[in-house]
1. Answer yes if at least one residue in the stretch 100-116 is surrounded by 13 or more Cβ atoms within 10 Å (Cβ to Cβ), in contact with a His (Cβ under 8 Å, 6 or more places away or on another chain) and not hydrophobic (A, V, I, L, M, F, W, C), and no otherwise.
2. What number of residues in the stretch 42-51 are crowded, with 20+ Cβ neighbours inside 10 Å and touching a Gly at 6+ places or on another chain (Cβ under 7 Å)?
3. Looking at 133, 100, can you tell me which residue is in contact (Cβ under 8 Å) with a residue 60 or more places away in the chain, closer than 17 Å to residue 45 by Cβ, in a helix (DSSP H, G or I) and of a type in the set (A, V, I, L, M)?
4. Checking residue 81 against (1) within 15 Å of the chain's Cα centre (by Cα); (2) outside any helix (DSSP H, G or I), which test does it fail?
5. Being closer than 17 Å to residue 45 by Cβ and at pLDDT 90 or above, is that true of even one residue in the stretch 137-145?
6. Looking only at residues in the stretch 1-44 that are among the small types (Gly, Ala, Ser), outside any loop (DSSP other than H, G, I, E, B) and out of contact with any strand residue (DSSP E or B) (no Cβ under 8 Å at 6 or more places or on another chain), which one is modelled with the highest pLDDT?
7. May I ask you to say which residue of 110, 92 is of a type outside the set (Ser, Thr, Tyr) and touching a residue at least 60 places away in the same chain (Cβ under 8 Å)?
8. Within the bounds of the stretch 95-114, is there any residue that is farther than 15 Å from residue 8 by Cβ, in contact with a helix residue (DSSP H, G or I) (Cβ under 9 Å, 6 or more places away or on another chain) and not aromatic (Phe, Trp, Tyr)?
Amino acid sequence: MPELVIDVEGVPMPKGSKTAVVRGDRAVLLDARRAGSRASYAAWCSAVDVAARAEALVGRHEPLDGHLVVRVDFYLPRPARTRVGARPAGKPALDKLYPAVHANLGALIPDDARVVDLSGAKWWATDDRPPGARIQIGLAESAAA
């Protein structure tokens, strides 16, 4: 499946939630995260963007078009103690980790509507596999008519 593979180093950060507040006669959406968390999210987005741009330039990949398959494996730092076992089954939620990756692959996937199959998993980071993500992008098999 993989047409290309991108390894991104850094701690994967979730997109987070928004909080609605009323200011005057308008509703405003605010980022519900603290400032440090926002900075960490921005750093993770930047790492994904830099890795995608580097792959586009160094790998000489044209932006991908067609029906695309994307798989993202997230490698999360293992806490000192955990009750969730061999795989990270707690926060952050897998679906909250995808947006930072999807939004920052523009150098390779200019139209994310082309993604027809999206999958992924969460793993604990190891000495051999530091925190980050492995992003695999390929062309989908032809659908039967």
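1. Yes; the residues of the stretch 100-116 include at least one that is surrounded by 13 or more Cβ atoms within 10 Å (Cβ to Cβ), in contact with a His (Cβ under 8 Å, 6 or more places away or on another chain) and not hydrophobic (A, V, I, L, M, F, W, C).
2. 2
3. Result of the check over 133, 100: 100.
4. (1)
5. No, the stretch 137-145 has no match at all.
6. 43
7. 92
8. yes
The values are calculated or read from the model by the stated rules, or taken from the named source; none is laboratory data. Just so it is clear, the model here is predicted, and its values are computed rather than measured. So basically every Cβ, Gly included, is an ideal-geometry build from the backbone, and we count neighbours across all protein chains shown.
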